[in-house]
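First the structure, in the form of structure tokens, and then the observations on it.
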Amino acid sequence: MSLRSFFRPNRASIARPDQSLMVENRALLERIDRRKLLRGSLSLGALSLLAGCDISNREEVQGVLRTVSDFNDGVQAALFDPKRLAPTYSRDLVVKPPRFNAYYEIDEVKPVDLSTWKLELSGLVKDKRPWTLDRVNALPQQEVIIRHICVEGWDYIGQWSGPNLRDFLTRIGADLSAKYIAFYGNDDYMESIDMASALHPQTILATHYAGEPITDPFGAPMRLRTAVKLGFKNPKWIRAIEVTNTYPLGFWEKQGFNWFAGL
């Protein structure tokens, strides 16, 4: 069973209250063991963390796991180098089309009306006027050929292009000292990233894939593409961006996944 299907909302595959605490806390356990503390140099072994806990006490178990996972998040953030570039690849390795992934099945995709689409802006931004797609496409375009890595364990190399996010944030007068950038999708999916990752040189607002406009079901007309985050931190069908100092809890974080999710 994939993690996506395990945590897909409103599905029979969601863990039920009468299942064991190990199953109930699977996401918390995996978010600790999957990444490992200090990127693998210090592994605790998630199950051993429960030693001394009353495992019949859900709050106590979850408290222990969240504390260690939050610490792991903080370590990843502290180790993050905003100037270090991720590996790039040649065009002959690009997978066409890109792989579909979402918390729902492909036949549930609701296409965006590109003729009426606008990018809304909010929060700590001076110029909150919405952007049309033509206006976005008129900006300088940056291409990145990077590896998309999914929390489920699969990956592929994709060729993305669009405005550099740092340049775009500067253009709209965003407060670059703010803590978070939140992205809201047309499919009601919301994710947020830290400002340092948003300002990374390889973070773009992708509008094209392999030289062609992104189509459905792959997130048209805009999706985030950053080389320094796991796949679920790259929302698709973006309709709004918010710059904020208030921590915005994303979709998968609500399911128990770690927030920083760096590579």
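Quick notes
- Computed E for ASP167/ARG91 - FRET, C-beta separation, R0 22 angstrom, nearest 0.05: 0.40
- Rounded to the nearest Hz, the phi-derived 3J(HN,Hα) couplings of segment 215-230 under the Karplus curve 6.51 cos²θ - 1.76 cosθ + 1.60 (θ = phi - 60°) are 10, 7, x, 9, x, 4, x, 8, 9, 6, 9, 10, 7, 10, 10, 5, where x marks glycine and proline.
- Applying 1/(1 + (r/R0)^6) with r as the Cβ-Cβ distance of ARG129 and ASP188 and R0 = 25 angstrom yields a FRET efficiency of 0.55.
- FRET efficiency, THR215 to ARG147 (Cβ-Cβ, R0 22 Å, nearest 0.05): 0.55
- Prolate/oblate/rounded call for segment 91-255, Cα gyration tensor, a/c under 1.5 rounded: rounded
- Stretchable slack from ASP175 to SER115, in nm (0.36 nm times residue separation minus alpha-carbon distance): 18.6 nm
Each value in this text was obtained by applying a stated rule to the coordinates, not by laboratory testing. Everything numeric in this text was worked out from a predicted model, so none of it was measured. Note that each Cβ is placed from the backbone with ideal geometry, even for glycine, and that neighbours are counted across all protein chains shown.
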